[in-house]
Amino acid sequence: MVASATSLVFDDLKKGFNKNEVLARVVHFWEARNINKGGLLMGFELFLIDRKGTTIHAFIPANRIACYEEDLKAGVIYKIKKFLVIDNKTSYKVTSHKFLIQFTQQTVLVPADHAGHDIKRQNFRIRSYAEFNEAVNKNEDLY
């Protein structure tokens, strides 16, 4: 089984509100806290991967966590729709993708049947020593 005809991959996304469905695996997620405000919970950061192996950063604001927390699990494939597509962060980037998926009060996150979906469980970006050395002392993220 392949993702439905309406299921987009991350590279199909356009900036703005997206009503269409993406099919993605949650590789990892973690709490984002503001250390300058006493560890205030800002939300959940997610690292997602689609069927083409493309990765993207997603964010669930703190006021929306309760809507997804119980069902959100690393390694699970989800159908995600009705979300905001915005420019990726300029700092603290976790992927090189130009966009970031921002959950809204309308966002739908539903576990998908894993059968027939060929979505990688993880993604590695191996850098050569030369590539890594070029990034040293440049104040850039090392995604």
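Tabulated data for the structure shown
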{"read-out": "Residue count, region 22-41 (criterion: under 12 Å from Ala62 (Cα atoms) and surrounded by 13 or more Cβ atoms within 10 Å (Cβ to Cβ))", "value": "3"}
{"read-out": "Unmet requirement for Arg64, which otherwise passes all of (1) in contact with a Leu (Cβ under 9 Å, 6 or more places away or on another chain); (2) at pLDDT 75 or above", "value": "(1)"}
{"read-out": "Flag for Leu8 being closer than 24 Å to His117 by Cα, in contact with an Asp or Glu (Cβ under 8 Å, 6 or more places away or on another chain) and without any contact (Cβ under 8 Å) to a residue 24 or more places away in the chain", "value": "yes"}
{"read-out": "Residue in region 125-139 that is at pLDDT 80 or above, farther than 16 Å from His28 by Cα and surrounded by 15 or more Cβ atoms within 10 Å (Cβ to Cβ) present", "value": "no"}
{"read-out": "One residue from Phe99, Phe83 being in contact with a helix residue (DSSP H, G or I) (Cβ under 8 Å, 6 or more places away or on another chain) and either among the β-branched types (Val, Ile, Thr) or in contact (Cβ under 8 Å) with a residue 60 or more places away in the chain (or both)", "value": "Phe99"}
{"read-out": "From Ile80, Ile65, residue being assigned to a helix (DSSP H, G or I) and surrounded by 15 or more Cβ atoms within 10 Å (Cβ to Cβ)", "value": "Ile65"}
{"read-out": "Filter result for Lys52 (modelled with pLDDT under 95, basic (Lys, Arg) and over 15 Å from Phe29 (Cβ atoms))", "value": "yes"}
{"read-out": "Residues that are in contact with a helix residue (DSSP H, G or I) (Cβ under 8 Å, 6 or more places away or on another chain) and either of a type in the set (S, T, N, Q) or assigned to a strand (DSSP E or B) (or both), drawn from region 49-62", "value": "Thr54, Thr55, Ile56, Ile60"}
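The values are calculated or read from the model by the stated rules, or taken from the named source; none is laboratory data. Nothing here was measured: the structure is a model prediction, and the numbers come from that model. FYI the Cβ positions are ideal-geometry reconstructions off the backbone, even for glycines, and counts take in every protein chain you see.
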